[in-house]
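> Below are the structure tokens for one structure; questions will follow.
The values are calculated or read from the model by the stated rules, or taken from the named source; none is laboratory data. Every value quoted in this text rests on a predicted model; they were computed, and no experiment measured them. Glycine gets a Cβ as well: all are built from the backbone with ideal geometry, and neighbour counts include every protein chain shown.
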Amino acid sequence: MEERYAIEMRGICKNFGRVAANKNVSLNVKPGEILALLGENGSGKTTLMNMLSGIYKPDSGTILVNGQETVIHSPEDAKRLGIGMVHQHFKLVDVFSAADNIWLGDEHSGPLLKKNRCDVIRQMAQKFGFDIDPQKKVYNMAVSEKQTLEIIKVLYYGAKIIILDEPTAVLTVQEIDKLFAVLRRMKAEGHAIIIITHKLNEVLEISDRVAIMRRGESIGTVDTAQATEQLLTERMVGRKVTLNIDCPTVEKTRPLLEIRDLTIRNDEGATAIDHVSFYIRGGEILGVAGIAGCGQKELCEAIAGLRPIETGMMIHKGDNIVGLSPKAILEKGISMSFIPEDRLGMGLAPSLSITDNMLLKNYGETKGPFVDRKSGRAAAEQVIQELEIVTPSTETPVRRLSGGNVQKVLLGREIKSGPNVLITAYPVRGLDIHSSYAIYDILNRQKKDGVGILFVGEDLDVMMGLCDKILVLCHGKVMGVVHAHKTTKEELGLMMTGALDLSSKYADKPAGIARDSRIEEVEP
């Protein structure tokens with residue numbers, strides 16, 4: 001008896017100019033199955049799924065839905081076929097509430113907004129175990145809240161075939177657990193689920209099979225029960241890969257930037273950072289750990305000069321730089337680069353080319369009325385080559401790149417400006433293992449060059465391997481600053497939830513003088 005598939009793609013090909021995004025790719029997923037789609041950045045995973053969701057049309061090949069050959073002309077066609085996709089980059093209207101964003105795409109809701117729509121959305125979210133305020137405007141949401149809203153949207157529309165593109169990239173550990181519980185319930189009810197993720201531990205935890213892609217081609221499918229991280233990595237990359245993060249020892253220098261008694265408010269006026277003190281040394285990576293929403297975003301934006309500081313100081317060579325313009329700060333000898341978590345919303349201009357995005361960093365230094373695009377193009381070519389960015393050309397709009405390649409453009413631009421302080425918020429979010437380790441190497445090279453790095457991350461294993469020290473936040477307060485190689489994930493987890501407070505060990509000075517071997521020992 002022939003096996004029935006919810007989705008079957010046969011010999012799919014898609015080209016963008018001279019770049020072959022998909023070459024004769026075949027893939028299938030059964031009802032009641034979770035299929036993980038794995039591959040390096042630019043390997044064609046999202047392009048393949050965009051054809052399934054109606055955003056692109058294949059140049060050749062066949063798509064079958066529940067055994068019936070079909071042509072998907074648009075996302076509306078996909079929705080009618082019961083296919084829903086949660087995209088890596090949000091498809092939300094910022095000025096609308098959560099409920100209105102969901103109601104907007106519901107063809108059965110009618111032209112008028114119903115008074116009970118918030119209650120309907122809240123009940124549906126609670127049914128699946130999500131916590132969301134239906135009346136909250138999207139522009140006031142954290143990145144994790146936006147991602148949760150996107151997932152709720154697809155579930156609300158009742159899709160039977162769900163595609164999730166990097167769904168856990170901006171979720172907390174607790175939210176990931178809730179999402180996986182939802183996916184398992186949906187699987188038990190017969191839903192077919194395709195999940196694109198670079199997190200191999202999640203692939204092994206949630207999927208039944210793993211389809212692997214490399215450079216636009218299908219490498220094969222592996223049963224998850226017989227797979228290991230090493231096996232998946234080698235098939236994805238095409239060679240053996242050593243999964244070790246280096247943490248080179250660099251001679252410590254005096255602090256480049258001292259944060260003293262900083263208090264910051266979030267967009268809703270609540271205290272996001274509460275009297276926080278620490279310092280950033282040259283030649284050192286300081287990690288910042290905490291549950292999403294505990295103030296990391298506001299802290300990074302304040303240090304970068306993008307958010308007002310209510311009280312406190314930022315000291316550089318004895319001078320308080322709070323309130324100074326970026327140009328005035330640069331004139332005092334501190335060059336700062338910021339890599340935000342929202343790479344397309346804040347970090348880059350999505351409709352501009354790679355060349356033009358490179359120019360955004362220093363176009364103000366141009367003499368005369370015209371921008372020097374020649375130098376911008378040369379900088380773009382250098383970054384593309386050094387970071388192995390997959391793109392048709394330097395003039396390709398950034399929005400047309402894969403998520404990982406977008407991140408590489410942003411990181412390459414910021415590092416090329418030669419900062420002595422680098423603020424990074426989730427710099428490897430959405431990157432495959434090979435690209436992530438390339439980013440770790442770049443950060444370590446910056447560290448060896450004497451750059452002070454603030455690294456906000458979500459993977460505690462990575463932070464413990466890469467960072468020299470880890471500052472832990474809980475509800476905007478510092479729970480402690482510990483040596484990365486002298487702590488454990490369990491200890492960090494207790495500090496992140498507020499169950500363990502080591503702040504008294506260093507409260508007398510910024511990062512303080514230790515009475516505990518785990519705490520930073522050197523006085524600034």
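> I'd like the full set of residues that are in a strand (DSSP E or B) and free of Cβ contacts under 8 Å to residues at least 24 places away in the same chain, limited to the range 32-90.
Across the range 32-90, the qualifying residues are Gln68, Glu69, Thr70.
> Select from the range 126-149 the residues that are modelled with pLDDT under 80 and of a type in the set (D, E, K, R) and write down the one among them that is farthest from Gly269 (Cα to Cα).
Looking at the filtered set, the residue picked out is Lys127.
> Can you confirm whether the range 455-477 contains a residue that is touching a Cys at 6+ places or on another chain (Cβ under 7 Å), under 21 Å from Arg254 (Cβ atoms) and in a strand (DSSP E or B)?
yes
> Can you find, within the range 413-434, the residue that is farthest from Gln88 (Cα to Cα) among those that are part of a helix (DSSP H, G or I) and out of contact with any Asp or Glu (no Cβ under 7 Å at 6 or more places or on another chain)?
Lys416
> Would you confirm whether any residue within the range 328-351 is under 21 Å from the mean Cα position of the chain (by Cα) and among the aromatic types (Phe, Trp, Tyr)?
Yes, because at least one residue in the range 328-351 is under 21 Å from the mean Cα position of the chain (by Cα) and among the aromatic types (Phe, Trp, Tyr).
> Next question, about the same structure. So Ile280 clears everything in (1) among the aliphatic types (A, V, I, L, M); (2) over 25 Å from Thr148 (Cβ atoms); (3) out of contact with any Pro (no Cβ under 9 Å at 6 or more places or on another chain) except one condition, right? Which one?
Checking Ile280 against (1) among the aliphatic types (A, V, I, L, M); (2) over 25 Å from Thr148 (Cβ atoms); (3) out of contact with any Pro (no Cβ under 9 Å at 6 or more places or on another chain), the one that fails is (3).
> Could you list, in sequence order, the residues of the range 269-320 that are part of a strand (DSSP E or B) and acidic (Asp, Glu)?
Asp274, Glu284, Asp319
> Between Ala159, Ala125, which is in the same structural domain as Ile194 (by TED's automatic domain parsing) and under 30 Å from Ile63 (Cβ atoms)?
Exactly one residue qualifies, and that residue is Ala159.
> Looking at (1) out of contact with any Lys or Arg (no Cβ under 9 Å at 6 or more places or on another chain); (2) at pLDDT 90 or above; (3) of a type in the set (A, V, I, L, M, F, W, C), can you tell me which one Leu112 breaks?
Of everything listed in (1) out of contact with any Lys or Arg (no Cβ under 9 Å at 6 or more places or on another chain); (2) at pLDDT 90 or above; (3) of a type in the set (A, V, I, L, M, F, W, C), Leu112 misses just condition (2).
> Is it true that some residue in the range 347-355 is touching a Ser or Thr at 6+ places or on another chain (Cβ under 9 Å), surrounded by 19 or more Cβ atoms within 10 Å (Cβ to Cβ) and in a helix (DSSP H, G or I)?
Checking the range 347-355: at least one residue is touching a Ser or Thr at 6+ places or on another chain (Cβ under 9 Å), surrounded by 19 or more Cβ atoms within 10 Å (Cβ to Cβ) and in a helix (DSSP H, G or I).
> Of the residues that make up the range 237-252, is at least one on the phi > 0 side of the Ramachandran plot, among the small types (Gly, Ala, Ser) and at pLDDT 85 or above?
Checking the range 237-252: not a single residue is on the phi > 0 side of the Ramachandran plot, among the small types (Gly, Ala, Ser) and at pLDDT 85 or above.
> With the structure loaded, tell me whether Glu341 is crowded, with 16+ Cβ neighbours inside 10 Å, outside the structural domain of Asn266 (by TED's automatic domain parsing) and assigned to a loop (DSSP other than H, G, I, E, B) or whether it fails that test.
Against the criterion (crowded, with 16+ Cβ neighbours inside 10 Å, outside the structural domain of Asn266 (by TED's automatic domain parsing) and assigned to a loop (DSSP other than H, G, I, E, B)), Glu341 qualifies.
> If you don't mind, there's one more thing I want to ask. Filter the range 222-238 down to the residues that are under 19 Å from Leu27 (Cβ atoms) and surrounded by 14 or more Cβ atoms within 10 Å (Cβ to Cβ) and list them by number.
If the condition is that a residue be under 19 Å from Leu27 (Cβ atoms) and surrounded by 14 or more Cβ atoms within 10 Å (Cβ to Cβ), then Val222, Thr224, Ala227, Leu232, Arg235, Met236 are the ones that fit.
> I've got another one for you. Being of a type in the set (Val, Ile, Thr) and either touching a Cys at 6+ places or on another chain (Cβ under 8 Å) or at pLDDT below 80 (or both) narrows it down to one residue among Ile206, Ile176; which is it?
On the way: Ile206 fails: either touching a Cys at 6+ places or on another chain (Cβ under 8 Å) or at pLDDT below 80 (or both).
Criteria check complete, one pass: Ile176.
> Do we find a residue being surrounded by 15 or more Cβ atoms within 10 Å (Cβ to Cβ), assigned to a helix (DSSP H, G or I), among the charged types (D, E, K, R) and within 22 Å of the chain's Cα centre (by Cα) anywhere in the range 180-201?
Kept after step one, since they are surrounded by 15 or more Cβ atoms within 10 Å (Cβ to Cβ), are these residues of the range 180-201: 180, 182-183, 186-187, 191-200.
Those still in the list that are assigned to a helix (DSSP H, G or I) too: 180, 182-183, 186-187, 200.
Cutting the leftovers down to among the charged types (D, E, K, R) gives us 187.
Those left that are additionally within 22 Å of the chain's Cα centre (by Cα): none.
For the range 180-201, residues surrounded by 15 or more Cβ atoms within 10 Å (Cβ to Cβ), assigned to a helix (DSSP H, G or I), among the charged types (D, E, K, R) and within 22 Å of the chain's Cα centre (by Cα): absent.
> Let me ask something else. Out of the residues in the range 274-293 meeting the condition of being in contact with a Cys (Cβ under 7 Å, 6 or more places away or on another chain) and modelled with pLDDT of 90 or more, tell me which one is surrounded by the fewest Cβ atoms within 10 Å (Cβ to Cβ).
Leu286
> Could you check Glu388 against (1) under 28 Å from Gln147 (Cβ atoms); (2) assigned by TED's automatic domain parsing to the domain that holds Leu454; (3) among the acidic types (Asp, Glu) and say which number it fails?
With (1) under 28 Å from Gln147 (Cβ atoms); (2) assigned by TED's automatic domain parsing to the domain that holds Leu454; (3) among the acidic types (Asp, Glu) applied to Glu388, the lone miss is (2).
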